[in-house]
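Notes for the one structure printed next.
The values are calculated or read from the model by the stated rules, or taken from the named source; none is laboratory data. Treat the numbers as computed from the prediction; the structure is a model and nothing was measured. Every residue, glycine among them, receives a Cβ derived from its backbone with ideal geometry; neighbour counts consider all protein chains shown. In case anyone asks, the SASA skips ligands and DNA or RNA and just uses the protein heavy atoms, side chains included. Shrake-Rupley method; radii C 1.70, N 1.55, O 1.52, S 1.80 Å.
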Amino acid sequence: MRGGQRSASEQLADTARMSAHDNETPAEALFRLNATMMASDEFQSMTGAPTVLGTGSVPSPLMLLGEQPGEQEDAMGQPFVGPAGQVLDEALMLAGIERDQLYVTNTLKHYKFRRQGSARLHLVPTLVDITRYLPWLEQEIAIVSPVLIVALGKVAARALLSKEIAVEQMRGQMLERRDGRLVVPAYHPSYILRTPDAAMKKTRFQRLVKDLAMAARIANLE
């Protein structure tokens, strides 16, 4: 690093030391992490859109991880509040899960897009994007301390498992991370929305409900 710049790992180490020294609650540790993250040199270089942080119960036995904020999330500053969020909320309701029982966040904390005239067009995150956010995500996971993480879509699965998987084939299966936490791949709600065939869209939505209900049971969500 040049000059006074410090790496994400160095700043995260400081955060961990301060948390342990101050005997912080998980919610306080997450607040400190977010403040450290947003002030870091690496994070500052990623900006170009508002930061959208995770929300929900801290700690929580069940965590939902998506890809990145969209237009509505970018405007409102919360994850899953746009059309995909409406699909997710309906699926959670049918699965018998209250959203405030969970912790919900995205792999990327900023909306990645390119401009076309006055419009902003969604760009799929690359492995480079995932890698740049990963140190912060890993610390976020450590603080929230979930038993199980639902990976909504292939970007979230890639971040959690350090490898590409086919969500269509792997959804609903229990996979294990290196830290021992369980991961259940599931359809991203926006993927369901983009499904052109009405019958398949309904089937995929029903599968999402089933996967969320299974995840809640395994995590002993109460």
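So here's what we get for this one:
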| item | result |
| --- | --- |
| Given (1) at pLDDT 80 or above; (2) more than 19 Å from the chain's Cα centre (by Cα); (3) not in a helix (DSSP H, G or I), number of the condition Gln5 does not satisfy | (1) |
| Residue in the range 107-115 that is assigned to a strand (DSSP E or B), surrounded by fewer than 22 Cβ atoms within 10 Å (Cβ to Cβ), in contact (Cβ under 8 Å) with a residue 12 or more places away in the chain and touching a strand residue (DSSP E or B) at 6+ places or on another chain (Cβ under 6 Å) present | yes |
| Residue satisfying condition, being outside any loop (DSSP other than H, G, I, E, B), touching a strand residue (DSSP E or B) at 6+ places or on another chain (Cβ under 8 Å) and modelled with pLDDT of 80 or more, within set Leu53, Leu33, Leu65 | Leu65 |
| Restricting the range 72-86 to residues that are open to solvent by less than 30 Å² (accessible area, probe 1.4 Å) and touching a helix residue (DSSP H, G or I) at 6+ places or on another chain (Cβ under 6 Å), the residue that is modelled with the lowest pLDDT | Gly82 |
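Here's the yes/no breakdown for (1) of a type in the set (D, E, K, R); (2) under 28 Å from Ala219 (Cα atoms):
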site: Glu67; (1), (2): yes, yes
site: Asp74; (1), (2): yes, no
site: Leu88; (1), (2): no, yes
site: Ile97; (1), (2): no, yes
site: Asp100; (1), (2): yes, yes
site: Leu123; (1), (2): no, no
site: Tyr133; (1), (2): no, yes
site: Glu138; (1), (2): yes, yes
